[in-house]
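This report concerns only the one structure given below.
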């Protein structure tokens, strides 16, 4: 008689423990899915930023070639009084657009070439005829990934 009442009480305990284990496994599964989703978003954002960097770098290299290979520096596009805001698309609309092709980007990168004051004599650069600042802006596959790069180039004397 004692055996039968003890066995009768144990049936409910197994059910409760089984439900608790099922709940714990569900929580672990949901957490794993959330972590995986976050990892995928981070990887996508890193790829997007990398695309934006590559686009800005390509435009910067093209602008550097324009500075070093153009025979008349006065024909280079110059920066206006207002510096472009890297986050505003419209501020970059009037500048040079990269002529090459880059896959998976939302907009072609742009760049601006600014002729700086002639400091070559003051800095004792005998072989430099002019200094130029090049600023480029690239976007990735979304408009939120923006990279702005800037460099200064010394243009060699023709003699």
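The values are calculated or read from the model by the stated rules, or taken from the named source; none is laboratory data. What you see is a predicted model, and the numbers here were worked out from it, not measured in a lab. In this analysis, Cβ positions are derived from the backbone assuming ideal geometry, glycine residues included, and neighbour counts consider all displayed protein chains.
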Top-ranked residue of the range 22-67 - restricted to ones that are free of Cβ contacts under 8 Å to residues at least 40 places away in the same chain and closer than 19 Å to residue 151 by Cβ, ranked as surrounded by the most Cβ atoms within 10 Å (Cβ to Cβ): 61
Can you list the strands (runs of 3 or more DSSP E) found entirely within the range 71-159 that contain at least 3 residues being at pLDDT 90 or above and touching a helix residue (DSSP H, G or I) at 6+ places or on another chain (Cβ under 8 Å)? 128-139, 146-156
